[in-house]
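No value in this document is a laboratory result; all are computed from the given coordinates. Predicted model, so just to flag it, every value in this text is computed and none were measured. Quick reminder, even Gly has a Cβ in these numbers, built from the backbone with ideal geometry, and neighbours come from all protein chains shown.
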Amino acid sequence: PPLDEILNLHDFEAIAKQVMTDKAWAYYSSAADDEITNRENHAAYHRIWFRPKILIDVTEVDWSTTILGHKSSMPIYITATALGKLGHPDGELTLTRAAAKNGVIQMIPTLASCSFDEIVSAAEPGQVQFLQLYVNKDRAITQRIVQHAEEQGIKGLFITVDAPQLGRREKDMRMKFTDEDPSEVKQAGTGSVDRSQGAARAISSFIDPGLKWADLDWFKSITKMPLILKGVQRWEDALKAYDLGLAGVVLSNHGGRQLDFARSGIEVLVEVVSKFKEIRGITFPNEKFQLFVDGGVRRATDVLKAVALGATAVGIGRPFLYAFSAYGTEGADKALKILNDEFEMNMRLLGAPTIKDVTPDMVDISNISSH
Ligand code: FNR
């Protein structure tokens, strides 16, 4: 169907399923084991309800915000997802271009199918990009990647901490990852691969399962980029990250692709915010230590719930993969335009002229919270 018939982010998924190769669909859509967490990620948002305010002047509404000190037109970013060329020949570049057009930030994956330099070069002057990092067993390789990223102007390093081993994504494992695949990873230092267990496992054998808290001091010593842990799932770990002086955490279960029965990011957010307040008297959103959430976000209303609860911004993954797989850059652009329209309307209906007005009292979390 033509793009103007696409009304929401779910529509991209339905179309992508029909037009993508079986292998690409399996890799993008799959999640771990019985995919319970993947389903829960989206479902968790359905347990949160709004408490909108009336009779507020919402003639002008502004949903722009600041992420790690950088302007963003919306409180979202495009999160890192590997192997963009499985879905479209231009791969991650479609996201770079769409991000530029819409004033949002792209997180570049370690396992991009375009090279890091290609993705950075495709950015407009001043366009902000982050890097997602898988830590190599060979730390010299990791050091080169990190320092090169900093030199190239990357504004934040998101270290993935929920994947010491890749989850069993059985849809993906049923597909063989063959040698002729055009989406071969271009990133340096990914090492030799076992291709018998699907795309995800084929590309991930270099990741160091020995990565530990003590290594974070080393990261601080090799870069001045803000460090953020991606994949935090309990308040105790968020607090450790805070105490280490990191810039923030992403409360995430990797889109349900790692530990099945991990909780949704939005529920962990409620826990983290409550414990930080109780133990340290810290409130969110907070400039010094920022909370991000990802997983299952498909509507501006989902984003606004996370923002109300204290998140600085929310990461969105699969909807952009489906959008560019079906329609290339225009698809990704359209996905962002849809979100933008949804923000405008929902800010008005909530009675929130700016993002600062989206406060905890705007949501009812009695169905999810025991904190
Ligand atoms: C991911 N994700 C991911 N995360 C990461 O840190 N490194 C990576 O290489 C990838 N690769 C990847 C590939 C694909 C196909 C998907 C769907 C996801 C996880 C991603 O950053 C994010 O946590 C989730 O995608 C968020 O959930 P939604 O928005 O996809 O539901």
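Could you tell me, in Å, what Rg and Dmax come out for the Cα atoms of the chain?
That works out to 19.4, 62 Å for Rg and Dmax.
How big is the dipole moment of the chain about its Cα centre under a simple scheme where the beta carbon of each Lys and Arg is +1, that of each Asp and Glu is -1, and everything else is neutral? Debye, nearest 20, please.
Computed about the Cα centre, the dipole is about 600 debye.
When a/c is below 1.5 the answer is rounded, else prolate if a/b is larger than b/c, else oblate, so apply that to segment 197-266 with a ≥ b ≥ c taken from the square roots of the Cα gyration tensor eigenvalues.
Oblate is the answer for segment 197-266, as a/c is 1.5 or above yet b/c matches or exceeds a/b.
Considering amide H positions built from the backbone, and no H for Pro or chain starts, which residues 5 or more places from K137, or on another chain, come under 5 Å of its amide H?
For K137, the qualifying residues are D208.
Can you compute 3J(HN,Hα) from phi for each residue in segment 92-105, using the Karplus curve 6.51 cos²θ - 1.76 cosθ + 1.60 with θ = phi - 60°, rounded to whole Hz and x for Gly and Pro?
Result, rounded to whole Hz: 4, 5, 4, 6, 4, 5, 5, 4, 4, 4, 10, x, 10, 9.
Which residues' amide hydrogens lie under 5 Å from the amide hydrogen of I48, considering only partners 5 or more residues apart or on another chain, with H built in the peptide plane?
Amide H neighbours of I48: none.
Going by the alpha-carbon gyration tensor, a ≥ b ≥ c the square roots of its eigenvalues, is segment 282-370 rounded (a/c under 1.5) or, if a/c is not under 1.5, prolate (a/b greater than b/c) versus oblate? Provide the component values of the computation, followed by the final result.
Values: a/c = 2.04, a/b = 1.68, b/c = 1.21.
In terms of gyration-tensor shape, prolate.
Using a 10 angstrom cutoff on alpha carbons, build the Gaussian network for the chain and name the most mobile of E35, E278, E236.
Looking only at E35, E278, E236, the largest GNM fluctuation is found for E278.
Please give me, ordered by residue number, the trypsin sites (Lys or Arg not before Pro) of segment 78-172 that lie in loop per DSSP and have at most 15 other Cβ atoms within 10 Å.
K137
Quick one: order L321, L131 by neighbouring beta-carbon count within 10 Å, fewest to most.
L131, L321
Give the calculated FRET efficiency between E170 and K53 to the nearest 0.05, with a Förster radius of 41 Å applied to their Cβ-Cβ distance.
For R0 = 41 Å, the calculated efficiency reads 0.35.
May I ask you to list the residues of segment 319-333 whose amide nitrogen lies under 11 Å from a point 7 Å from Cα along the Cα→beta-carbon direction of Q18?
Taking a point 7 Å out along Cα→Cβ of Q18, no residue of segment 319-333 has its backbone N under 11 Å.
If you average the alpha carbon positions of segment 103-177 and of segment 274-303, how far apart do those two centres end up, in angstrom?
23 Å
Pull out the extension gain between E150 and H10, defined as 0.36 nm times the separation in residues minus the alpha carbon to alpha carbon distance; nm, one decimal.
Taking E150 through H10 to full extension adds about 46.9 nm, to one decimal.
Separation between the D217 and R139 pseudo-spin-labels, each 7 Å from Cα along Cα→Cβ, expressed in nm?
1.1 nm
Between the alpha-carbon centers of segment 223-254 and segment 33-68, tell me the distance in whole angstrom.
22 Å
Would you work out the charge dipole size for segment 299-371 about its Cα centre, treating the Cβ of every Lys and Arg as +1 and the Cβ of every Asp and Glu as -1, and quote it to the nearest 20 debye?
Roughly 120 debye, rounded to the nearest 20.
Suppose we keep just the DSSP beta bridges with both residues in the chain; what percent of those would be antiparallel, to 5? Can you show the working numbers first?
Numbers: 6 of 33 bridges.
Among the beta bridges of the chain, antiparallel pairing accounts for roughly 20 percent.
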